[in-house]
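Here the structure is laid out as structure tokens; the discussion comes afterwards.
The values are calculated or read from the model by the stated rules, or taken from the named source; none is laboratory data. Remember, it's a predicted structure, so these values are computed and weren't measured experimentally. Because the Cβ atoms are built from the backbone with ideal geometry, glycine has one as well, and the counts that use them run over all protein chains shown. Areas reflect the complete protein model, heavy atoms only, side chains present, ligands, DNA and RNA absent. Shrake-Rupley method; radii C 1.70, N 1.55, O 1.52, S 1.80 Å.
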Amino acid sequence: MNLIEHDKNFIWHPFTQQKNMQPPIAIKNAKGSLLFDENDKEYIDAISSWWVNVHGHAHPYIAEKIYQQALQLEHIIFAGFTHEPAVKLAERLIKILPGNFSKIFFSDDGSTSTEVAIKMAVQYWWNERGSMVNNQWSMENRESSNRKQRTENRKLETGNQNKIIAFNNSYHGDTFGSMSVSDRSVFTLAFHDLLFEVIFIDVPTEENISSTKKIIDEHANEIAAFIYEPLVQGAGGMKMYSSVLMDELLLFVQQKNIICIADEVMTGFGRTGKMFASEYMQTKPDIICLSKGITGGTMALGVTACSEKIYSAFVSDDAKKTFFHGHSFTANPLACTAANASLDLFEQENSLQKVNFISEQNIAFAQQLRQLSGIKNVRVLGTILAFEIAQGNDEYLNNISTIITKKSLEKGVYIRPLGNTVYIMPPYCISESELKKVYAVILELV
Ligand SMILES: *Cc1c(COP(=O)(O)O)cnc(C)c1O
């Protein structure tokens, strides 16, 4: 069977303009940092397979654990039931998460983890403030066909504290809620009328921090939560910002009694040099979102952890204060097992030490890149190194991306720039010689 031809006949690929698309590469197997195609040509996976891979592909330890778990229990409804992989994982996460977290809520992926976080934050205020009027909700709202009246009732229900603040240039996922709190961009153009209103602020700089605080202060009474990607805005172009200023901003936001939601879907599990990027700040989030690297990049799993304060607002004799959210595959035992195995490997393989090594190499390579003309904004945080090619506009649709991907693949390295933003984010198992090859190929291309 010609795989590529059959793919063309039956498959619609994500984030891909199907017209004139480069034929996809059929990957047969992978090992460590290496991908092997149908013809056994090898490629170094320099972006960890869309930022998910941690310990290398097809790691035998994780594979064995998933296999053994699949023989025991592959899935069970998570309402009214529980299982050891989920309980173990929750307990381990609570121990290592940066902040005072008390409960773990499972979902499916990064988008659902942020979706859950937003719903938790909004309903927190509804449960807390709206409780007096909530009881009238069912009768009044159902009987009222009057749209205006319904809107008024809704304001009462939420106590009006339901707005979200997010950063310009942010990305929190592709479902409607997570799109709403993401920057309005080419990704969301078709949906702008349907996305809920969000207060967008810039990532903190010396120049803007006081005016940003003013904006937050003016709206403080109506804001439910602040969602942010700590220190690196991933899909927005690997933009990095100061931990010191972020700390100042977070402290201010928390003093205003606004719930802080750290979206660590990309930054979690060692990516930025520490286990979680929030560790770089003193002020810790109230809610944290995890996915991508959580299973070592083997299976889909989302986690939203929250503090006791948030959780306790949902514990009530009033059934309406229940968190009515869940997914068919919530806390899937295979995914939880993979996550536990990945955490084992962090200890067994000293993964953070490897992260440290990559980080040092990146810093040295960045120095070299800064000498070159034609590129700008060279930056590093942990395993992430990024820069812009000074050609065309600084935007996602800059098609230099496609050219660079194609050329790097020919040379046996897989990178996938975001427009003219070239970045690497390798698995932590990448060897010194593989990393040197990635650097060499980048030097040849820029
Ligand atoms: C990738 C990403 C998401 C969305 O995760 P999916 O698993 O792709 O739905 C959300 N937030 C951040 C910061 C991400 O990088």
Just name the residue that is nearest to the ligand (Cβ to nearest atom) out of those in segment 181-199 that are open to solvent by less than 50 Å² (accessible area, probe 1.4 Å) and free of Cβ contacts under 8 Å to residues at least 60 places away in the same chain. 182
Out of (1) more than 16 Å from the ligand (Cβ to nearest atom); (2) on the phi > 0 side of the Ramachandran plot; (3) open to solvent by less than 10 Å² (accessible area, probe 1.4 Å), the odd one out for residue 257 is which? (3)
Counting only residues that are free of Cβ contacts under 8 Å to residues at least 60 places away in the same chain and surrounded by 24 or more Cβ atoms within 10 Å (Cβ to Cβ), how many does segment 309-340 have? 1
The listed residue being within 16 Å of the chain's Cα centre (by Cα) and either open to solvent by 20 Å² or more (accessible area, probe 1.4 Å) or away from the ligand (no atom under 16 Å from the Cβ) (or both), out of 281, 275: 275
Taking the options 246, 266, 240, name whichever one is surrounded by fewer than 19 Cβ atoms within 10 Å (Cβ to Cβ) and within 16 Å of the ligand (Cβ to nearest atom). 240
Would you pick out the residues in segment 13-62 that are of a type in the set (D, E, K, R) and on the phi > 0 side of the Ramachandran plot? 40
Which members of segment 267-302 meet the condition of being of a type in the set (A, V, I, L, M), assigned to a loop (DSSP other than H, G, I, E, B) and under 21 Å from residue 341 (Cβ atoms)? 275, 299, 300, 301
Within segment 82-102, is there a residue that is within 16 Å of residue 341 (Cβ to Cβ), more than 16 Å from the ligand (Cβ to nearest atom), over 21 Å from the mean Cα position of the chain (by Cα) and assigned to a loop (DSSP other than H, G, I, E, B)? yes
Within segment 33-58, track down each residue that is open to solvent by less than 20 Å² (accessible area, probe 1.4 Å) and more than 16 Å from the ligand (Cβ to nearest atom). 33, 37, 43, 44, 45, 46, 55, 56
Suppose the filter is open to solvent by 50 Å² or more (accessible area, probe 1.4 Å) and more than 16 Å from the ligand (Cβ to nearest atom); does residue 208 pass it? no
Kindly indicate which of 387, 357, 346 is within 26 Å of the chain's Cα centre (by Cα) and in a strand (DSSP E or B). 387
Scanning segment 295-308 for residues that are open to solvent by less than 20 Å² (accessible area, probe 1.4 Å) and more than 10 Å from the ligand (Cβ to nearest atom), the one nearest to residue 30 (Cα to Cα) turns out to be 296
Can you report the number of residues in segment 392-424 which are touching a Gly at 6+ places or on another chain (Cβ under 9 Å) and part of a loop (DSSP other than H, G, I, E, B)? 10
Can you give me the number of residues within segment 403-430 that are surrounded by 14 or more Cβ atoms within 10 Å (Cβ to Cβ) and farther than 23 Å from residue 373 by Cβ? 10
